[in-house]
1. When all C-alpha to C-alpha distances in the protein assembly as shown are sorted into bins of 10 Å, what percent of pairs does each bin hold, rounded to whole numbers?
2. Give the span of segment A:61-106's Cα atoms along each principal axis, as three whole-Å numbers ordered largest to smallest.
3. Which part of segment A:94-108 falls in the paramagnetic zone of A:Lys248, meaning amide N under 14 Å from the point 7 Å along Cα-to-beta-carbon?
4. Can you tell me which of A:Ile154, A:Ile105, A:Ile117 moves the most in a GNM of chain A? Springs connect C-alpha atoms under 10 Å apart.
5. For the pair B:Lys166 and B:Val396, how long in nm is the line joining their label points, each one 7 Å along Cα→Cβ?
6. Specify, per residue and in Å³, the volume enclosed by the convex hull of the alpha carbon atoms belonging to segment A:1-67.
7. Where a Cα-Cα gap under 28 Å defines reach, which lysines qualify for B:Lys219, not counting those fewer than 8 residues away within the same chain?
8. Considering all projection directions equally, how large on average is the shadow of the alpha-carbon convex hull of segment A:87-151, in square nanometres?
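What follows is calculated from the coordinates using simple rules that are stated; it is not laboratory data. Since this is a predicted model, take the numbers as computed values, not measurements. Note that we place each Cβ from the backbone using ideal geometry, even for glycine, and neighbour counts take in every protein chain shown.
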Amino acid sequence: MYRITGKKVLATGVVEMTIEAPRVAKAHKPGQFLMVMNREDSERVPLTIADSNPETGEVTIVFLEVGRSTIELGEEFQVGEDLFAVLGPLGTPTHLDKVGTVVVIGGGLGVAPIYPICKGLRATGNRVVTIIGYRRKDLMFWDDKLRSASDELIVTTDDGSFGMKGFVSDALKKLHDEGRPMDRVVAIGPPVMMRAVAELTRPWEVPTTVSLNTIMIDGTGMCGGCRVGIGDETKFVCVDGPDFDGHKVHWDEMFARMKVYQKEEREAIASSPSCRLYFETLKR
Amino acid sequence: MSETIDIAALGGVKEGEKKRPRSKDRRLEIACQSVEDRLKNYDEVALGYSPAEAVAEAMRCLECPKPRCVVACPVHIDIPTFIGHVSRGHFVGAAEDIRKYNNLPAVCGRVCPQENLCEAACIINDTNPKNPIAIGRLERFSADWQFGHSERRADSVAKAPATGYKVAVIGSGPAGLSCSADLAKMGHTVHLFEALHKAGGVLMYGIPEFRLPKAIVQKEVEYVQALGVQLECNAVVGRTMPVQEVLDEFDALFVASGAGYPNMMGIPGENLNGVYSANEFLTRVNLMKAWKSDVGTPIRKPRRVVVVGAGFTAFDVVRISLRLGAEEARIVYRRSREEMPGRGEEIEHALEEGAIFTLLTNPVRYIGDDNGFVKAVEVQKMELGEPDSSGRRRPVPVRDSNYIIECDTVVVSIGQTPNVLIPSNLPGLATRWGSVIKVNRETYMSTVPKVFAGGDAITGAATVILATRAGREAARSIDGYVRDPNRGWYPPAV
Ligand SMILES: Cc1cc2nc3c(=O)[nH]c(=O)nc-3n(C[C@H](O)[C@H](O)[C@H](O)COP(=O)(O)OP(=O)(O)OC[C@H]3O[C@@H](n4cnc5c(N)ncnc54)[C@H](O)[C@@H]3O)c2cc1C
Ligand SMILES: Cc1cc2nc3c(=O)[nH]c(=O)nc-3n(C[C@H](O)[C@H](O)[C@H](O)COP(=O)(O)OP(=O)(O)OC[C@H]3O[C@@H](n4cnc5c(N)ncnc54)[C@H](O)[C@@H]3O)c2cc1C
Ligand code: SF4
Ligand code: SF4
Ligand code: FES
């Protein structure tokens, strides 16, 4: 039913996978995600839809192998095999209205999810300036795709091994210091990075959209496990988001909630042979 | 697979003989796992009647000519007839008879609040107080027997010739399953969309294994599929496909999307780690099987648990916590024991298993530790005042009565409301309180032509049997609608 049709290792622990899911591919809009279950007993893992092709019925995901489910998916599943479940597209699509110049920022794994957003923002007539950041040159991926989807592309690496040395937030600050137009900012990546971006743009009063990646179970608005404080309301990330106003997110609460299952996740890894193997390979 | 039943040996009524009911006997208890054993597993607690026990219990029924029990059953199962079959050893016949009225007998026999329904009305209560016929247990016995002893049930069901009409059903809980089964029997093509990866709705993700084995739910699902219903899981109507697209493709649409949105109280500290909605807790444990050690979905092992509320859900949560090894599992409820809406048998079982009841008490805030994990709840004592609109006495706070209960897990079980996904994606669909779909109570038609709805989606959280009934009645109405050449059905008065 949900056949893996392509798989590529983009960098250490970063896997690009295309999956047959015709309904999802047809309905997908930028900013939405899907849920994958490797097997019947697996977790439901939320992953952003990084690309979709309604003609072939395929969707693309890019994921980092961080724990039991993502390691299993990356290490054990090959092209031609079927996944137990793929559900989507979920979440509220990113607003793509024409506002002028939009700076779209992707940090690390966030580079993949911004690809459809850049394309969408350009299609509605925005000028898209994209900043993508990686830790090192050898972890880079999809820079060519992002270049083609943007009017301007800035690449940063933490160690300066490619492009500008520093974080994506440094590049953003530089753009602002140069007085470049900036009507809206969209930032996707590790929560620390999104918070840094939101704190930068707050005094500039530039509307800033972030995409939250809380822990989820069903992804359909049923469990409340993904809830976060936004302004004075509690929102469910899977239905009300994942996009939110970065200036309203209760970041401390969000960080605390992401740590709930750390202990249990370590145990899950320990009980999975392929995960143990994976981490041993990493150590070597 | 069929087995010969020696009815004489079982103490039942032989062919050609008259029944001599033994209504003075006490109602037969159902064998249960011992408390000690059941706290160590997730297996079903109530073990079911043996054939001899079922016959003995059936022998108590008077088979009343004007049965009050039938009136009290929401789907009006012909109780004297099916119990008559049991007392004569026609166990499969009993199940088939029940199925004429109820599509989910193995489920309802287990989870119906019988003590408020059929059994409350049984005439034997008048002469032999507190000893009504165990109708639910007999229903369960018959349905289980049929599962175990007759094959190819779906093929033997009389199905009308194909009509060519196509109906879409959204949601595979009891309402959706029941409606799909009936529509298929009427000869319609039925496509059943389910958002989750398993069909069954609350029966799968809510009610725990030790009350309702998931294998039984899946057998009912398979039965519905065997009738020809096309089940599509992982399909969230309104996301995976627009509601309008489904509407264009089908002759009618039945919305049975349930009441799955968890209510929270909106008090301080609710977003602390360790504070769950009942749905999150139940979904992790039931649907994602977090109670097994070898699955991917984790659950934090609770040590001291506070469960807020006292409905079906609250008792399920408290009993799961005890099975997960909690040292202390406490129900905190703002009214008293009499007002508890939970099912009688479950309240008893929870008490036996060691649940603590802290009644006439309500949480006012949750207190967290430095890492954002809940460590205590501040509660306030309540007293009962004047009756409110539900007829129950309204709890009012007692001044200066606050105190602290230490805990590491809180599960908020104060009810669910329907999800807004379908209403917000279907222009013209009228709702109450923003999410409960309004329908005409006779036809189940909503304010949008060709869209029908039933179950928890139109009532808010209710019961399995009411959802099952809505599915069945809606199927009848949808059948009339699709066959009507004009389809000029009245815009419903709601
Ligand atoms: C809407 C949404 C979109 C996402 N899109 C992507 C994507 O495109 N690519 C991608 O690689 N990941 C994405 N994530 C994160 C991804 O879901 C998690 O990495 C994944 O669930 C981890 O599962 P696991 O079993 O492999 O690891 P686990 O064993 O569950 O966790 C391993 C480690 O990852 C942390 N972790 C767990 N859940 C999350 C989470 N939701 N976000 C961040 N860290 C987490 C844990 O705290 C732990 O330290 C997304 C999350 C959400 C909510
Ligand atoms: C923990 C718990 C215990 C309970 N115990 C009892 C009990 O002992 N006895 C009793 O009588 N009642 C009990 N109830 C209540 C009973 O389960 C419900 O009243 C009943 O299940 C309602 O049936 P339904 O078919 O309307 O909806 P549900 O069973 O809620 O099913 C709705 C289904 O629709 C799906 N869905 C929703 N939206 C969409 C969409 N957009 N697209 C596709 N699919 C969708 C959902 O995933 C779900 O599977 C309990 C409830 C809970 C939560
Ligand atoms: S369906 Fe429920 S109310 Fe009706 S007879 Fe069975 S147990 Fe009683
Ligand atoms: S009222 Fe009681 S005795 Fe009479 S038919 Fe019903 S179950 Fe039997
Ligand atoms: S993941 Fe369950 S409500 Fe969002």
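1. Using 10 Å bins, I get a P(r) of 3, 13, 21, 24, 20, 12, 5, 2, 1, 0, 0 for the protein assembly as shown.
2. 45, 20, 19
3. From segment A:94-108, the list is A:95.
4. Residue with maximal mean-square fluctuation among A:Ile154, A:Ile105, A:Ile117: A:Ile154.
5. Distance between label points: 6.0 nm.
6. 90 Å³
7. Hits, sequence-local ones excluded: B:Lys40, B:Lys100, B:Lys159, B:Lys166, B:Lys185, B:Lys198, B:Lys289, B:Lys292.
8. Averaged projected hull area, Cα only: 4.9 nm².
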